[in-house]
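Undergrad: One structure, pasted below without further comment.
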Amino acid sequence: MPDESRELTLYVQSKKAITSFYRPAATAAETVLAPGAPAPSSTSGGAVAEQTVLFLSDDQARCQAMTEEIAEQRGYHVRVIDIERVGRLERLVAEHLRGVQKFPVLISPLGRRIEGCEAFTEDELAAIMPADLKSVRAFSYLKVRGGDLDKIRRLLETLTEVKELHFLTGDWDILVVLDFAPTTANKRRVLDFVTEKIRGIPEVIDTSTIIPEYSLTKFPL
């Protein structure tokens with residue numbers, strides 16, 4: 001049974017187009033008609049006259065592709081509904097669409113939504129689909145001896161596991177965000193790294209490290 005907490009609904013709105021250019025005769029399986037539209041009439045030679053078709057604009061198609069790509073990365077499933085292809089009654093009573101002005105609209109199980117193409121960014125999609133971190137994070141507070149902070153920063157930046165540096169005021173001088181591959185990381189390895197690599201910097205005189213038991217992120221992976 002699918003996890004409902006990881007099910008999202010993406011509402012798109014296709015457009016109707018009337019085509020009258022020459023084309024090979026389409027089979028019923030190949031032709032997409034608007035709801036209630038009459039069947040197309042074919043002339044000899046395969047020309048299709050005044051055929052009503054539905055198409056999704058490129059900007060909405062891009063939003064759909066981005067949403068499905070990020071959902072797959074983060075373990076979510078997206079159900080796509082084209083409101084032009086569903087019954088009028090269903091469209092009118094759809095609770096999630098009340099007040100919607102722009103399409104597409106992505107709705108999370110908790111009711112949070114992203115509305116309009118300009119709102120579909122990687123950051124917004126990541127925030128609406130929080131993901132388990134695939135790496136091991138740790139946070140080390142550093143107390144450093146007074147001196148050249150630029151030199152200390154440069155030394156910390158050379159360490160691959162150091163992902164972020166935050167300079168503080170108060171009891172601690174620097175907050176270091178560390179990131180380790182999950183296949184090799186454990187608490188002992190993290191603490192070994194801190195004591196050997198970070199405490200090995202002469203200007204670092206004390207450290208205190210937090211290693212979470214579980215982490216998730218709203219940032220892009």
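Bear in mind that the values in this text are calculations on the coordinates, not laboratory data. The structure displayed is predicted, hence computed values, not measured ones. Note that each Cβ is placed from the backbone with ideal geometry, even for glycine, and that neighbours are counted across all protein chains shown.
Undergrad: Under the 0.36 nm per residue contour assumption, what length would be gained going from the current alpha-carbon distance of residue 166 and residue 183 to full extension? Mind showing how you got there, number by number?
TA: Numbers: separation 17, 0.36 × 17 = 6.12 nm, distance 2.70 nm.
Full extension from residue 166 to residue 183 adds 3.4 nm.
Undergrad: For the range 132-217, what mean projected area does the convex hull of the alpha carbons give, in nm²? Kindly include the intermediate steps, with their values, before the conclusion.
TA: On the way: hull surface 22.3 nm².
Its Cα hull, projected and averaged over all orientations, spans 5.6 nm².
Undergrad: How many nm is it between the label spots at residue 133 and residue 62, if each spot is 7 Å from the Cα in line with the beta carbon?
TA: Here the answer is 3.2 nm between the modelled labels.
Undergrad: Which of the pairs 143/163; 16/218; 134/197; 143/187 have their Cα atoms more than 29 Å apart in this structure? Before the final figure, lay out each step's value.
TA: On the way: 143/163 18 Å; 16/218 37 Å; 134/197 23 Å; 143/187 21 Å.
As for pairs spanning more than 29 Å Cα to Cα, those are 16/218.
Undergrad: Using a cut-off of 11 Å between beta-carbons, work out the net charge of the residues near residue 172 (Lys and Arg +1, Asp and Glu -1, residue 172 not included).
TA: On the way: positive: 143; negative: 171, 173, 206.
Surrounding charge for residue 172 is -2.
Undergrad: Which lysines have a Cα less than 16 Å from the Cα of residue 102, not counting those fewer than 8 places away in the same chain?
TA: Hits, sequence-local ones excluded: 15.
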